[in-house]
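Each remark here refers to the structure printed beneath this line.
The values are calculated or read from the model by the stated rules, or taken from the named source; none is laboratory data. Predicted model only: the values in this text are computed from it and were never measured. Neighbour counts are summed over all protein chains in view; Cβ atoms, including those assigned to glycine, are modelled from backbone coordinates with ideal geometry.
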Amino acid sequence: MRAEQGVRTQVLQAAQLREEEPGLKPDYARAVRFLDTCSLDDPHHFMMGLAQDFQRRGGTVVQAAVEAVSRQSEARAAIAGGQVVAQGDLVVIAAGARSGRLAASLGDRIRLDAERGYHVLFPQDGHRLNSPVCDPEAGFYLTPLGEGLRAAGTVELGGLGKPLRPHRTAMIERVSRRLVPGLGPAGRTWLGFRPSMPNSLPVIGHSPSDPQVIHAFGHGHLGLTLAGITGRLVAELASGVPPSMDLAPLAPHRF
């Protein structure tokens, strides 16, 4: 299926895998390498760079816990603590897993849920692997970063309100130590929320309740991967330009 979609891969036999990833346990028979992939060493630094570029181009960054989007005559406003914190002629809701609540404030019922993913950082072990590695049975990736080796993944449908479950991070740590022998102490652990739709396709399009609101969320595990094309589509919608692809499968009201 991947080959049919133009995804290039290479099968590594055991000896090749041991040569390229000597930090892995030695009993793998083979691996599949994805040839056209990229990764970010520091996503936070990348996002801060985007925010700074936005400001250089004349944008304004306002930090507030937005709880609703409100119609105010011809304008649309972001509401936090009962106060207007930003307003304009058009609003884009792109708040990840929290977008459903903002859409609901307009009257849009969108079947968005949060896939909860767990992370464990091994701060002394960023050198243990040469590239991101996934053990399919374990269900998470081990990614070498400047801040250490990050073990992250798994899926838990639990919404936004419940706390981190320590036995999930304990499992990731335990399996990571089995996959990469000799890991040092575990450091930071955290829980992230993937904004996910029932059919794994994002929501990109005008709000059914208000044409001056554009929804852009629900990308599941592929938010960063699909961010560029999503930004282009949102810009086209905001400018009244015909979208460069058919957005009907991504319509907010498709369910």
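Summary of values
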{"quantity": "Flag if THR154 is at pLDDT 95 or above, of a type in the set (Val, Ile, Thr) and either surrounded by fewer than 21 Cβ atoms within 10 Å (Cβ to Cβ) or farther than 30 Å from HIS253 by Cα (or both)", "calculated": "no"}
{"quantity": "Residues within the range 7-49 that are assigned to a loop (DSSP other than H, G, I, E, B) and closer than 20 Å to ARG177 by Cα, tallied", "calculated": "9"}
{"quantity": "Any hit, the range 79-89, residues being in contact with a helix residue (DSSP H, G or I) (Cβ under 7 Å, 6 or more places away or on another chain) and either more than 22 Å from GLY161 (Cβ to Cβ) or of a type outside the set (Lys, Arg) (or both)", "calculated": "no"}
{"quantity": "Answer from GLU20, GLU4, GLU74 - the residue that is exposed (fewer than 12 other Cβ atoms within 10 Å of the Cβ) and either in contact with a Cys (Cβ under 9 Å, 6 or more places away or on another chain) or over 30 Å from VAL213 (Cα atoms) (or both)", "calculated": "GLU4"}
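Residues are listed down the side, and each one gets a yes or a no for (1) surrounded by fewer than 17 Cβ atoms within 10 Å (Cβ to Cβ); (2) free of Cβ contacts under 8 Å to residues at least 40 places away in the same chain:
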residue: PRO136; (1), (2): yes, yes
residue: GLY146; (1), (2): yes, no
residue: LEU160; (1), (2): yes, no
residue: SER196; (1), (2): no, no
residue: LEU224; (1), (2): yes, no
